[in-house]
Amino acid sequence: MAKACNVALIGQGFMGRTHSNAFLKVSKFFKGLPLDPVMHTSFGMKQENPKVFAKHWGWRNYSDDWKAVVRSRDIDYVDIVTPNFMHMPVAMEAIRAGKPVGTEKPLAGTLKDAKKMVDAAKKAKAKTFVWYNYRRCPAVSLAHQLVKDGKIGRIFHVRCIYLQDWGGPDTPLLWRFQKKLAGSGAHGDLNAHIIDMARFVTGDEITEISGAIAETFIKERTIPSVGAAGGIAGGSKGSRKKGKVDVDDAVLFLARFKKGAVASFECSRLAMGYQNQNGIEVHGEKGSLRFRFEDMNYLEYLDYTANPKTRGWTKIMCTSAAGGHPYVEAWWPDAHILGYEHTFVNQAADIMRVLAGKKPVVPIPDFADAYETQRVLEAALVAAAKRRVVKMSEVK
Ligand code: SOE
């Protein structure tokens, strides 16, 4: 019988739903986990009706005082799903209380906040996690394993996109469009995912940003009538009053990796027609990989060592337990496909493993790992603002 792990969820909203679902389902599907997450307490602001959220999702207790929840001796693990500006204060409180803590991506809204979190975690030797959930699409985990197994060889070229189109002029001034709450716009929200994905799949680190563009196309938006909360899945119809947007709608940049590969990263909330399309392509001496999230069960693979007579892209359906595809043994038979929510359940399983001193199926970023992604985010914004190359050594 696995030992209970009393979880506290700090925040509600869109990520409150994905994480609640993950903790609700993980022990049903992942047999033999070393810890069994108990949905102990959820925190929401008074105006977010924490009692209703807790009851709906099955959290045993609820509170509107996040500090009391984090400090409670009943809590074994703190999970942060607040808007970015609260990641640092809540994580610092959890570390002070001697609690393992995980936060939604990005690590923080700013590099300064992220640095405080990393330093505190290191000093306290705290177990930390960041929910870069797309690593746990089985296809992305498989890509990581194939590169690690040398199937692609020396990597020449990496191409990453994260394109959405919910950021049109009718979208109100949600917290994601406000620098003081989010830190940046599409960049910290979307490029964060593909920078992490590129680092995870290639196993390499970026050494310089060779050029970047940041753009805010829609300069003001209607102020939501119910506060700054709300996300792409929520947020009310705005009032008539308008507020200034002080973050990006799109950021594109070029980069170099330590082992020599060149790379392009593109994100936008105004890529009309792309609803939630992230993806990576990796082109190497021995082959190539291609992933697109809107077709998330497939990984395309080209074996360049094959006979040119029959060489071509293979479309791997990454749901085969017999094929040893990551995480699939917990789910369904071949080709009964998985979705967005399964990546969070897969992450919850790995967090329980790591908290118990076991290995995750594929690496989970801790605060120090996610800090490297945060440095690239910062370097790209500096490169865009200064219109020059920025070496990663300039961004500590
Ligand atoms: C909004 O862009 C968002 O909710 C991101 O914040 C998530 O990380 C992504 O998974 C879906 O889109």
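So, in the stretch 201-229, exactly how many residues are part of a helix (DSSP H, G or I) and either more than 30 Å from residue 146 (Cβ to Cβ) or open to solvent by 10 Å² or more (accessible area, probe 1.4 Å) (or both)? Even if it seems obvious, please write down each step before you answer.
Quick first cut of the stretch 201-229, residues part of a helix (DSSP H, G or I) only: 201-202.
Subset that is either more than 30 Å from residue 146 (Cβ to Cβ) or open to solvent by 10 Å² or more (accessible area, probe 1.4 Å) (or both): 202.
Count: 1.
Of all residues being touching a Phe, Trp or Tyr at 6+ places or on another chain (Cβ under 6 Å) and within 13 Å of the ligand (Cβ to nearest atom) in the stretch 248-268, which is farthest from residue 159 (Cα to Cα)? Just the residue, please.
Within the stretch 248-268, the match that is farthest from residue 159 (Cα to Cα) is 249.
Hey, does the stretch 234-244 have a residue that's within 14 Å of the ligand (Cβ to nearest atom) and either modelled with pLDDT under 95 or over 20 Å from residue 193 (Cα atoms) (or both)?
yes
State whether the residues of the stretch 360-376 include one that is touching a His at 6+ places or on another chain (Cβ under 6 Å) and of a type in the set (A, V, I, L, M).
To start, the set of residues in the stretch 360-376 that are touching a His at 6+ places or on another chain (Cβ under 6 Å) comprises 362.
Add one more test, that the residue is of a type in the set (A, V, I, L, M), and what stays is 362.
Yes - at least one qualifying residue is present in the stretch 360-376.
All but one of (1) open to solvent by less than 20 Å² (accessible area, probe 1.4 Å); (2) within 16 Å of the ligand (Cβ to nearest atom) hold for residue 165; which doesn't?
(1)
Please state which one of 335, 306, 348 is outside the structural domain of residue 161 (by TED's automatic domain parsing), surrounded by fewer than 20 Cβ atoms within 10 Å (Cβ to Cβ) and in contact (Cβ under 8 Å) with a residue 12 or more places away in the chain.
Values: 306 fails: in contact (Cβ under 8 Å) with a residue 12 or more places away in the chain; 348 fails: surrounded by fewer than 20 Cβ atoms within 10 Å (Cβ to Cβ).
Being outside the structural domain of residue 161 (by TED's automatic domain parsing), surrounded by fewer than 20 Cβ atoms within 10 Å (Cβ to Cβ) and in contact (Cβ under 8 Å) with a residue 12 or more places away in the chain holds for just one of 335, 306, 348, which is 335.
Taking residue 293 as the residue in question, decide whether it is within 14 Å of the ligand (Cβ to nearest atom) and either under 28 Å from residue 184 (Cα atoms) or open to solvent by less than 20 Å² (accessible area, probe 1.4 Å) (or both). Show your work before the answer.
Values: within 14 Å of the ligand (Cβ to nearest atom): yes; either under 28 Å from residue 184 (Cα atoms) or open to solvent by less than 20 Å² (accessible area, probe 1.4 Å) (or both): yes.
Yes.
Tell me, which residue of the stretch 168-200 that is of a type in the set (Gly, Ala, Ser) and more than 11 Å from the ligand (Cβ to nearest atom) is surrounded by the most Cβ atoms within 10 Å (Cβ to Cβ)?
Taking the stretch 168-200 first, the residues of a type in the set (Gly, Ala, Ser) are 168, 182-186, 188, 192, 198.
Going one step further and asking which of them are more than 11 Å from the ligand (Cβ to nearest atom), we end up with 168, 183-184, 198.
Working: 168: 13, 183: 29, 184: 24, 198: 25.
In this case the residue turns out to be 183.
Here are some residues: 51, 31, 25. Which one is free of Cβ contacts under 8 Å to residues at least 40 places away in the same chain and more than 16 Å from the ligand (Cβ to nearest atom)? Talk me through it step by step, then tell me what you get.
Details: 31 fails: free of Cβ contacts under 8 Å to residues at least 40 places away in the same chain; 25 fails: free of Cβ contacts under 8 Å to residues at least 40 places away in the same chain.
From the options 51, 31, 25, the qualifying one is 51.
Could you look through the stretch 105-137, keep only residues that are open to solvent by 10 Å² or more (accessible area, probe 1.4 Å) and not in a helix (DSSP H, G or I), and pick out the one that is nearest to the ligand (Cβ to nearest atom)?
105
What is the number of the single condition among (1) open to solvent by 10 Å² or more (accessible area, probe 1.4 Å); (2) out of contact with any Pro (no Cβ under 8 Å at 6 or more places or on another chain); (3) away from the ligand (no atom under 16 Å from the Cβ) that residue 101 does not meet?
Answer for residue 101: the failing condition is (1).
Which members of the stretch 353-386 meet the condition of being in a loop (DSSP other than H, G, I, E, B) and open to solvent by 20 Å² or more (accessible area, probe 1.4 Å)?
Hits for the stretch 353-386 are 356, 357, 358, 359, 360, 361, 363, 364, 366.
The values are calculated or read from the model by the stated rules, or taken from the named source; none is laboratory data. This structure is a prediction, so every number in the text was calculated from the model and none was measured. Backbone-built Cβ (ideal geometry, glycine too); neighbour counts: all protein chains shown. We work out accessible area using only protein heavy atoms, side chains counted, and drop any ligands, DNA or RNA first. Shrake-Rupley method; radii C 1.70, N 1.55, O 1.52, S 1.80 Å.
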